[in-house]
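Student: Please find one structure pasted underneath; my questions will follow.
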Amino acid sequence: MYTFAFLLLAAMLCFAVLGAGASLVALGRPAARPPRIAEASGLFAALALAAASGILTRALAFSDFSVIYVADYTDRTLPLFYRLTAFWAGQPGSLLFWAFSVALCGAIFQLTPAYGRLSNTTRHWYWVFYLIIIGFFGLLLTTWSNPFLVSHTAPMDGSGLNPLLQNPGMIFHPPLLFLGYGGFAIPGCLALAQSLNPGATEARWTSVSRPFMLAAWALLSAGIVLGAWWAYMELGWGGYWAWDPVENASLIPWLIATAALHTMLLDTRRGKLGATTVFLVALTTISAFFATYLVRSGVVQSVHAFGNGGVGNPLLLFVLTSLALSAWIAVKGRNPQAPRLSGLESREGFLVITTWLLLLLAGIILIATMWPVITAIFSSGGDQGSMGLTAGFYNRVCLPLFAGLVALLAVCSWLRWDGGLRRKVFFAVVLVVLAACMILLWFFEYRLPTPLLASSAAVAVLLGHGLMLAEPAGRTRNALCVAGIHAGVAIIALGIAFSGPYKTEKDLILKQGESAQLGSYTVTLNSVSVGEGPGYQFLEGELGISLDGQPLGVLAPQRRIYDKWNRMQFAEADTLFSPGNELYASLLAIDAQENVQFRVSVNPLVNWIWLGGTLLSVVPFLMLGARRARKTEEGC
């Protein structure tokens, strides 16, 4: 069975090469015929990857430890749903799932009426680029990262799944990221294809691939937010974003894709920045492969990384080649007769500024993440495995830029495309509220500059989109969805502005029955107990929380020791939910005198991040059925 799965992957590689080659040959003829061979290759890739994924899933479900991948990432004590999600716990499985995500999106696109209306030349070029991606996955999966390697002597039990991955967030976080990456491949390939066929009388790639662009962006947003939630709940340090290299690697494609969505708006409505949009959409997929390079090359250290599995150099070569090819095609397809952009005081200008800020953020994060590698090039004996710059650097540099983006959202919607204001009274109200928020927050001693700007601008964004409902154009489906996405960004900004800078944290050492103060909260250690779970033992401390003498609830953090992980200790945090101040506790240690050490924090508005992230993840799907927006003033 596993030999058959490997042969399916090898056949997929061969058919991808055959399909891409057939399309290239057809492009050299005077009249290109329909790409039948390429289309058959695309469908075969989807079927082959679906079958291979099913075979690996079956091996995981039935604990077939003759498969090395199953033995490395599962054991008999692991619940079924964690055995299944071990599919993407390791490098070979995650690459297989990503390849399947690309093939699934490609098959769906191939079966849409919009694909059938494309010219033969555009379709041939599309298949060349798409099948190169499929073929590259086939090469990785059949050489350096084969998930179907079999051991001649199957162990009685497996090594088990990393305890950090045994969390509901990790059930959905990686597949959502890969589905997002896979979805971006469709508009990326189609944009390059149509750039090489500029004279075709067909629908623009921006409209044809719009559903895939929106869905991929929503799925990637969901994956990033779930990853942050996982870090908050599982790592036990009380935060949700540590600027870890692999966290950064997933954020970079999101920033580039967001920039591409803004330039797509200028391209579709104003006929401007067409070549830039093509390059940014292609760059989104390329940056996803670069993120994979960071995780799998061993070039950086991370709690998420897989180490060097032999795929680093092929990935880097693929990234650099794709980058050069995409840049050349974008420049070649540039329209020299495109109208010039309006001034910076117009909505066009603000969209350009937004795009540049997003790309600047992506560039800063990229350079900072690769800083150890960059410095090692210019110094002898450098350690390329060291971490990048500290979280303090990112917070000082990136968060002010993010606050500036939120401020742009508060203004952009009130500008006309060619300059000037519309609804001047409403705009004045928004500015007054923004200023009033800053004054009020300053009065209540929330005086840190970046959070002050971000939170006040976020309130202005929410108010502004509420005022737009007074206009008929602001109540269209498309405008409401844009407002929902911007509201999600604003709500996330509020959560970040308060949960990080104004977090209160304290290490408490308590004996049973003792109490301590954390601000206005009283923390009492009610009991300490020990117990066992599947494959681990735990120490649990029950903390009673009260505010001004009124009991609020109980926190029960644990310290776990897993049998198959060299008796390593892992924190299992607990929270006391609140839309305002959420209490968070992790158990750190216990000594011979039964003094128990806890880290307890008060995180204001942290749950607003998950609320805003939910809007970012859901609202784009509501836009899929909306008609193409008219060239009106709604939305930014």
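The values are calculated or read from the model by the stated rules, or taken from the named source; none is laboratory data. Keep in mind the model is a prediction, meaning the values are calculated, not measured. As a convention, Cβ positions derive from the backbone with ideal geometry for all residues, glycine included, and neighbour counts pool all protein chains shown. Calculation scope for accessible area: heavy atoms of the full protein, side chains included, ligands and nucleic acids excluded. Shrake-Rupley method; radii C 1.70, N 1.55, O 1.52, S 1.80 Å.
Student: Residue by residue through segment 54-65, note down the ones that are open to solvent by 10 Å² or more (accessible area, probe 1.4 Å), of a type outside the set (Val, Ile, Thr) and under 24 Å from residue 311 (Cα atoms).
Tutor: The answer is 54, and nothing else.
Student: Additional query: In this structure, is residue 491 open to solvent by 40 Å² or more (accessible area, probe 1.4 Å) and touching a residue at least 12 places away in the same chain (Cβ under 8 Å)?
Tutor: no
Student: I'm trying to understand the selection: among the residues of segment 454-488, which are closer than 18 Å to residue 430 by Cβ, assigned to a helix (DSSP H, G or I), open to solvent by 20 Å² or more (accessible area, probe 1.4 Å) and without any contact (Cβ under 8 Å) to a residue 24 or more places away in the chain?
Tutor: Correct list: 466 only.
Student: Under the condition of being β-branched (Val, Ile, Thr) and surrounded by 21 or more Cβ atoms within 10 Å (Cβ to Cβ), which residue from segment 250-272 is nearest to residue 227 (Cα to Cα)?
Tutor: 252
To keep it simple, each residue is scored yes or no on (1) under 27 Å from the mean Cα position of the chain (by Cα); (2) of a type outside the set (A, V, I, L, M, F, W, C); (3) at pLDDT 95 or above; (4) open to solvent by less than 10 Å² (accessible area, probe 1.4 Å).
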{"site": "569", "(1), (2), (3), (4)": "no, yes, no, no"}
{"site": "572", "(1), (2), (3), (4)": "yes, yes, no, no"}
{"site": "588", "(1), (2), (3), (4)": "no, no, no, no"}
{"site": "592", "(1), (2), (3), (4)": "no, no, no, no"}
{"site": "604", "(1), (2), (3), (4)": "yes, yes, yes, no"}
{"site": "610", "(1), (2), (3), (4)": "yes, no, yes, no"}
{"site": "621", "(1), (2), (3), (4)": "yes, no, no, no"}
{"site": "628", "(1), (2), (3), (4)": "yes, yes, no, no"}
{"site": "631", "(1), (2), (3), (4)": "no, yes, no, no"}
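Student: Mind checking which residues of segment 101-127 are of a type in the set (A, V, I, L, M) and either open to solvent by 30 Å² or more (accessible area, probe 1.4 Å) or within 27 Å of the chain's Cα centre (by Cα) (or both)?
Tutor: Scanning segment 101-127 gives 102, 103, 104, 107, 108, 111.
Student: A further question on this structure: If you check residue 451 against the conditions, is it of a type outside the set (Phe, Trp, Tyr), closer than 27 Å to residue 613 by Cα, within 31 Å of the chain's Cα centre (by Cα) and part of a loop (DSSP other than H, G, I, E, B)?
Tutor: For residue 451, the condition - of a type outside the set (Phe, Trp, Tyr), closer than 27 Å to residue 613 by Cα, within 31 Å of the chain's Cα centre (by Cα) and part of a loop (DSSP other than H, G, I, E, B) - is not met.
Student: Does at least one position in segment 170-181 carry a residue that is modelled with pLDDT under 95, more than 19 Å from the chain's Cα centre (by Cα) and surrounded by fewer than 18 Cβ atoms within 10 Å (Cβ to Cβ)?
Tutor: No.
Student: For segment 316-357: of the residues being within 20 Å of residue 402 (Cα to Cα) and touching a Phe, Trp or Tyr at 6+ places or on another chain (Cβ under 9 Å), which is modelled with the highest pLDDT?
Tutor: In this case the residue turns out to be 357.
Student: What number of residues within segment 574-586 are part of a strand (DSSP E or B), open to solvent by 10 Å² or more (accessible area, probe 1.4 Å) and either under 14 Å from residue 508 (Cβ atoms) or without any contact (Cβ under 8 Å) to a residue 40 or more places away in the chain (or both)?
Tutor: Residues in segment 574-586 being part of a strand (DSSP E or B), open to solvent by 10 Å² or more (accessible area, probe 1.4 Å) and either under 14 Å from residue 508 (Cβ atoms) or without any contact (Cβ under 8 Å) to a residue 40 or more places away in the chain (or both): 3 in total.
Student: Just checking, how many residues over segment 549-573 are part of a strand (DSSP E or B), of a type outside the set (D, E, K, R) and touching a residue at least 12 places away in the same chain (Cβ under 8 Å)?
Tutor: The qualifying residues number 9.
Student: Kindly provide the set of residues from segment 1-25 that are free of Cβ contacts under 8 Å to residues at least 12 places away in the same chain and of a type in the set (A, V, I, L, M), ordered by number.
Tutor: If the condition is that a residue be free of Cβ contacts under 8 Å to residues at least 12 places away in the same chain and of a type in the set (A, V, I, L, M), then 7, 25 are the ones that fit.
Student: Which of the residues spanning segment 231-249 are in a helix (DSSP H, G or I) and open to solvent by less than 10 Å² (accessible area, probe 1.4 Å)?
Tutor: Once the filter is applied, which keeps residues that are in a helix (DSSP H, G or I) and open to solvent by less than 10 Å² (accessible area, probe 1.4 Å), segment 231-249 yields 231, 232, 234, 245, 248, 249.
Student: For the structure I just gave you, tell me whether residue 270 is modelled with pLDDT under 95, within 21 Å of residue 478 (Cα to Cα) and either of a type outside the set (D, E, K, R) or in contact with a helix residue (DSSP H, G or I) (Cβ under 7 Å, 6 or more places away or on another chain) (or both).
Tutor: Considered against the rule, which asks whether it is modelled with pLDDT under 95, within 21 Å of residue 478 (Cα to Cα) and either of a type outside the set (D, E, K, R) or in contact with a helix residue (DSSP H, G or I) (Cβ under 7 Å, 6 or more places away or on another chain) (or both), residue 270 comes out as yes.
Student: Which residue is farthest from the chain's Cα centre (by Cα), if the candidates are limited to segment 519-536 and must be buried (at least 18 other Cβ atoms within 10 Å of the Cβ) and of a type in the set (A, V, I, L, M, F, W, C)?
Tutor: 525
Student: Name the pairs: first residue in segment 271-285 and closer than 14 Å to residue 261 by Cβ, second residue among the acidic types (Asp, Glu), Cβ to Cβ under 7 Å, at least 6 apart or on different chains?
Tutor: 273/267; 277/267
Student: If I filter segment 466-489 for residues that are modelled with pLDDT of 95 or more and either under 18 Å from residue 604 (Cα atoms) or in contact with a Phe, Trp or Tyr (Cβ under 9 Å, 6 or more places away or on another chain) (or both), do I get at least one hit?
Tutor: Scanning segment 466-489, I find at least one residue that is modelled with pLDDT of 95 or more and either under 18 Å from residue 604 (Cα atoms) or in contact with a Phe, Trp or Tyr (Cβ under 9 Å, 6 or more places away or on another chain) (or both), so the answer is yes.
Student: Right, next: If residue 210 passes every condition in (1) modelled with pLDDT under 90; (2) open to solvent by 30 Å² or more (accessible area, probe 1.4 Å) but one, which one does it miss?
Tutor: Unmet for residue 210, out of (1) modelled with pLDDT under 90; (2) open to solvent by 30 Å² or more (accessible area, probe 1.4 Å): (1).
Student: Something else about it: What's the number of the only condition in (1) closer than 30 Å to residue 413 by Cβ; (2) polar (S, T, N, Q); (3) free of Cβ contacts under 8 Å to residues at least 24 places away in the same chain that residue 515 fails to meet?
Tutor: Status for residue 515: all satisfied but (1).
Student: Return the pairs, sorted by first residue and then second, in which the second residue is part of a loop (DSSP other than H, G, I, E, B) and among the small types (Gly, Ala, Ser), the first residue lies in segment 27-53 and is in contact (Cβ under 8 Å) with a residue 40 or more places away in the chain and open to solvent by 70 Å² or more (accessible area, probe 1.4 Å), the beta carbons are less than 7 Å apart, and the residues are 6+ apart or on different chains.
Tutor: So the pair list comes out empty.
Student: Now for a different question. I'd like the residue in segment 273-298 that is open to solvent by less than 10 Å² (accessible area, probe 1.4 Å) and either β-branched (Val, Ile, Thr) or in contact with an Asp or Glu (Cβ under 9 Å, 6 or more places away or on another chain) (or both) and, out of all such residues, is modelled with the lowest pLDDT.
Tutor: Ranking the candidates gives 292 first.
Student: Something else: Would you pick out the residues in segment 74-100 that are among the β-branched types (Val, Ile, Thr), touching a helix residue (DSSP H, G or I) at 6+ places or on another chain (Cβ under 9 Å) and either open to solvent by 20 Å² or more (accessible area, probe 1.4 Å) or under 14 Å from residue 535 (Cα atoms) (or both)?
Tutor: Within segment 74-100, 74 is the sole residue that qualifies.
Student: Suppose the filter is open to solvent by less than 40 Å² (accessible area, probe 1.4 Å) and within 30 Å of residue 591 (Cα to Cα); does residue 497 pass it?
Tutor: Answer is no for this residue.
Student: Using the structure shown, decide if residue 40 is among the hydrophobic types (A, V, I, L, M, F, W, C), in contact with a Gly (Cβ under 6 Å, 6 or more places away or on another chain), part of a helix (DSSP H, G or I) and more than 26 Å from residue 293 (Cβ to Cβ).
Tutor: The answer is no for residue 40.
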